[in-house]
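One structure is given below, encoded as structure tokens.
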Amino acid sequence: MKQKLGKIGGFIVGLSSFLFSFKVFVLPSIPPNDEIAPGAVLIAAILNGFLFGFIGSLLQKHIQRNRV
């Protein structure tokens, strides 16, 4: 489980940070009568989560190499 902690943590941080920043910065500027494609927002959030998961994996590998 310790080997996957960087990937899982990075994915959760990336997904939640994208959704939070979308809610804070983008949604207030959109008029209520406009439609937003929720699927596109969800796909973008998942892709951002994968990106952060990859970065978390690289960071975890780097820390493990320097610790041993």
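Summary table
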item	result
The chain: angle of helix 5-21 to the longest principal axis, Cα-based, in degrees nearest 10	20 degrees
Gaussian network model of the chain, Cα within-10 Å springs - most flexible of Ile36, Ile12, Ile55	Ile36
Fraction of accessible area attributable to carbon and sulfur, the chain (%, probe 1.4 Å)	72 percent
1.4 Å probe accessible area per residue over the chain, in Å²	82 Å²
Tilt relative to the chain, helix 38-67 - C-alpha long axis, 0 to 90 degrees, to 10	20 degrees
Potential lengthening between Ile8 and Leu58 on full extension [0.36 nm per residue; Cα-Cα distance subtracted]	16.8 nm
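The values are calculated or read from the model by the stated rules, or taken from the named source; none is laboratory data. All values reported here derive from a predicted model rather than from experimental measurement. Accessible surface areas use protein heavy atoms only, side chains included; no ligands, DNA or RNA. Shrake-Rupley method; radii C 1.70, N 1.55, O 1.52, S 1.80 Å.
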